[in-house]
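The next block holds one structure in the form of structure tokens; read it before the comments.
The values are calculated or read from the model by the stated rules, or taken from the named source; none is laboratory data. All values derive from a computational prediction rather than experimental measurement. Note: ideal-geometry Cβ built from the backbone for every residue, glycine included; neighbour counts use all protein chains shown.
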Amino acid sequence: MALFRLPSSMPAALAPRGYGVALRAPVMSDFPQWADLRELSRGYLTPWEPIWPSDDLTRSGFRRRLRRYADDASADRAYPFLVFRESDGTLLGGVTLANVRRGIVQAGTIGYWVGQPYTGQGVMTAALRVLLPTLFGELNLHRIEAACIPTNLPSVRVLEKCGFSREGLARRYLCINGIWQDHLLYGMLHEDFRG
């Protein structure tokens, strides 16, 4: 349904592809594949994510999510992407650029997830490598930030492989799985980006 798609005025460049993956904004027709992958990966993702709303995997919950995504993108607050295998369109995970700040800051924060069947295969490293040129280019960001729980070693490796610098530790930074958790803080400046 066109009603639940992100505004068509979003630049075409916000659907980057390469390194075997294709990223694009979610649409309602993604719901079955998204809900299946999230349910299959629930146990794997739970330690690294906020508590899911009770209706998170329902069609109506997804519809609300798409409306929020559309509002956020049109207001230049956040940009959601699903990550697909380029060869066959299989959903692998997702990346969101959130907390976009303009003016003298020109920064945003990325968060991401990978479905359990696709962990350890370089999916998120490829997705970030494909997305970074768009974030620094079309979205004209100066700085991209990320945070991860120190024990989430796969996430640490992704950020470091993609060229993010560890900048510190934020104590009890985010409420993950119902617990305020410390997070390692990472950042990348436009001039750090090696394209």
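Details
- Tally of residues being in a strand (DSSP E or B) and either exposed (fewer than 12 other Cβ atoms within 10 Å of the Cβ) or of a type outside the set (Lys, Arg) (or both) across segment 142-195: 27
- Candidates are the residues of segment 120-131 that are touching a strand residue (DSSP E or B) at 6+ places or on another chain (Cβ under 7 Å) and more than 23 Å from Leu169 (Cβ to Cβ); the one that is surrounded by the most Cβ atoms within 10 Å (Cβ to Cβ) is Ala127.
- Odd one out for Gly103, checked against (1) touching a Gly at 6+ places or on another chain (Cβ under 8 Å); (2) not in a helix (DSSP H, G or I): (1)
- When each of Gly178, Gly108, Gly103 is tested for being farther than 26 Å from Ala75 by Cβ and either in contact with a strand residue (DSSP E or B) (Cβ under 9 Å, 6 or more places away or on another chain) or not acidic (Asp, Glu) (or both), the lone residue that passes is Gly178.
- All of (1) at pLDDT 95 or above; (2) out of contact with any Ser or Thr (no Cβ under 9 Å at 6 or more places or on another chain) hold for Glu145 with one exception: (2).
- Criterion violated by Leu139 - all others in (1) surrounded by 22 or more Cβ atoms within 10 Å (Cβ to Cβ); (2) among the hydrophobic types (A, V, I, L, M, F, W, C); (3) farther than 12 Å from Val83 by Cα satisfied: (1)
- Residue count, segment 96-106 (criterion: at negative phi and either surrounded by fewer than 18 Cβ atoms within 10 Å (Cβ to Cβ) or among the polar types (S, T, N, Q) (or both)): 6
Rundown of residues vs (1) surrounded by fewer than 14 Cβ atoms within 10 Å (Cβ to Cβ); (2) hydroxyl-bearing (Ser, Thr, Tyr); (3) under 14 Å from the mean Cα position of the chain (by Cα); (4) under 26 Å from Glu138 (Cβ atoms), yes/no style:
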site	(1), (2), (3), (4)
Leu45	no, no, yes, no
Arg63	no, no, no, no
Leu66	no, no, no, yes
Ala78	no, no, yes, yes
Glu86	no, no, no, yes
Gly94	no, no, yes, yes
Gly108	no, no, yes, yes
Tyr118	no, yes, no, no
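- Of Val123, Val156, all but one fail to be aliphatic (A, V, I, L, M), farther than 30 Å from Val27 by Cβ and in contact (Cβ under 8 Å) with a residue 24 or more places away in the chain; the exception is Val156.
- Qualifying residue in segment 39-49 (condition: among the aliphatic types (A, V, I, L, M), out of contact with any strand residue (DSSP E or B) (no Cβ under 7 Å at 6 or more places or on another chain) and modelled with pLDDT of 95 or more): yes
- Residue in segment 33-50 that is touching a residue at least 60 places away in the same chain (Cβ under 8 Å) and touching an Asp or Glu at 6+ places or on another chain (Cβ under 9 Å) present: yes
- Members of segment 71-93 that are more than 16 Å from Tyr19 (Cβ to Cβ) and assigned to a strand (DSSP E or B): Tyr79, Pro80, Leu91
- Any hit, segment 31-38, residues being surrounded by 15 or more Cβ atoms within 10 Å (Cβ to Cβ), assigned to a helix (DSSP H, G or I), small (Gly, Ala, Ser) and modelled with pLDDT of 95 or more: yes
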